[in-house]
Amino acid sequence: MEVNILASGSDGNCVAVRSGQTTILIDAGIAKTKIEKRLLEVGIRPDEIAAIFVTHAHSDHIKGLPLAAKYLIPVYATYGEWKCIAEPEEKDGLVEVGKGPCFFDPNGFTVTAFKTYHDAYEPVGYTVTAGERKASICLDTGKVDPEMLETMAGSDIYVIEANHDPSMVEAGPYPDSVKSRILSDIGHLSNEQVAVTLGSLIQGRGERIYLTHLSKRNNLPALAEMTVKQALKRKGLEEGKHYEIEVV
């Protein structure tokens with residue numbers, strides 16, 4: 001299984017997951033033409049995308065959904081998020097999903113939705129399995145609960161947001177209402193929250209970690225990476241020996 005982060009952050013999010021001849025997208029939050037370009041750059045033809053799975057209907061996750069209409073790609077979303085996708089052309093091909101397995105293909109590619117906590121109607125993350133490989137994608141959530149940990153456990157690849165450092169948020173220029181939203185249980189994960197989460201999940205089997213959705217104003221890539229590494233070091237795990245990590 002291979003994961004390519006095509007876009008990450010408040011300007012747009014899009015993750016390509018490929019196994020064998022099957023490729024799906026988790027979110028399509030940048031312009032259609034940019035998705036096409038970035039897919040081609042990693043060797044994936046846009047007309048070969050099997051499906052698009054939406055985590056939630058904020059613009060930085062659905063901006064590029066016209067890609068689905070162009071290439072007749074089925075789009076999967078929970079009902080709560082489906083009804084928030086306003087543009088008619090973006091609704092073409094949408095399929096409601098809920099918890100449990102929600103997509104299969106003849107090669108045994110399985111996608112499972114799990115509940116997340118964000119200021120949206122029915123946001124979800126996804127696990128993707130193909131053969132013995134598993135990836136977990138958790139892009140926007142204010143907290144991680146035991147059910148989320150159980151669903152993501154045993155993954156070979158983790159794509160998870162490390163949005164902010166709380167002290168940078170508090171000292172930053174945003175209005176108090178925005179700060180409260182970011183720091184709330186329906187906002188975004190902090191570096192420390194991600195570190196605790198990965199400390200519970202990483203077993204030292206060579207897992208690959210992608211830290212995503214970093215705030216440009218309220219985080220630093222080196223700080224996010226260091227916070228996670230320190231948590232894993234306390235478990236006796238070393239980068240390069242027990243796991244790999246990349247900030248995108």
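The values are calculated or read from the model by the stated rules, or taken from the named source; none is laboratory data. Please read these numbers as outputs of a predicted model, since none were measured by experiment. Reconstructed Cβ throughout: ideal geometry from the backbone, glycine too, with neighbour counts over all protein chains shown. Side chains included, ligands, DNA and RNA excluded: accessible areas come from the protein's heavy atoms. Shrake-Rupley method; radii C 1.70, N 1.55, O 1.52, S 1.80 Å.
Suppose we filter region 210-248 for residues that are under 30 Å from Pro173 (Cβ atoms), open to solvent by less than 80 Å² (accessible area, probe 1.4 Å) and not in a loop (DSSP other than H, G, I, E, B); how many remain? Result for region 210-248: 15.
Taken over region 8-19, the criterion of being open to solvent by 10 Å² or more (accessible area, probe 1.4 Å) and either assigned to a strand (DSSP E or B) or of a type in the set (A, V, I, L, M) (or both) is satisfied by Arg18, Ser19.
Of all residues in region 118-160, how many are surrounded by fewer than 18 Cβ atoms within 10 Å (Cβ to Cβ), of a type in the set (D, E, K, R) and farther than 15 Å from Leu198 by Cα?
Count: 3.
Between Glu170, Glu244, the distinction of being at pLDDT 95 or above and under 22 Å from Ala135 (Cα atoms) belongs to Glu244 only. Taking the conditions (1) crowded, with 17+ Cβ neighbours inside 10 Å; (2) under 17 Å from Glu122 (Cα atoms) in turn, Tyr79 satisfies each one other than (1). Of the helices (runs of 4 or more DSSP H) lying entirely inside region 20-78, those carrying at least 3 residues that are over 23 Å from Glu161 (Cβ atoms) are 32-41, 66-71.
Would you call Leu198 within 18 Å of the chain's Cα centre (by Cα), part of a helix (DSSP H, G or I) and surrounded by fewer than 19 Cβ atoms within 10 Å (Cβ to Cβ)?
no
A Cβ distance below 6 Å, combined with a sequence gap of six or more or placement on separate chains, defines the contacts here; from region 9-25, residues that are among the charged types (D, E, K, R) reach residues that are open to solvent by 10 Å² or more (accessible area, probe 1.4 Å) in the pairs Arg18/Glu2. Condition check for Lys115 on (1) open to solvent by 60 Å² or more (accessible area, probe 1.4 Å); (2) over 14 Å from the mean Cα position of the chain (by Cα): one failure, at (2). In region 26-36 there is no residue that is over 25 Å from Thr112 (Cβ atoms) and at pLDDT below 95. For region 161-177, a residue qualifies if it is among the hydroxyl-bearing types (Ser, Thr, Tyr) and surrounded by 15 or more Cβ atoms within 10 Å (Cβ to Cβ), and exactly one does: Tyr174.
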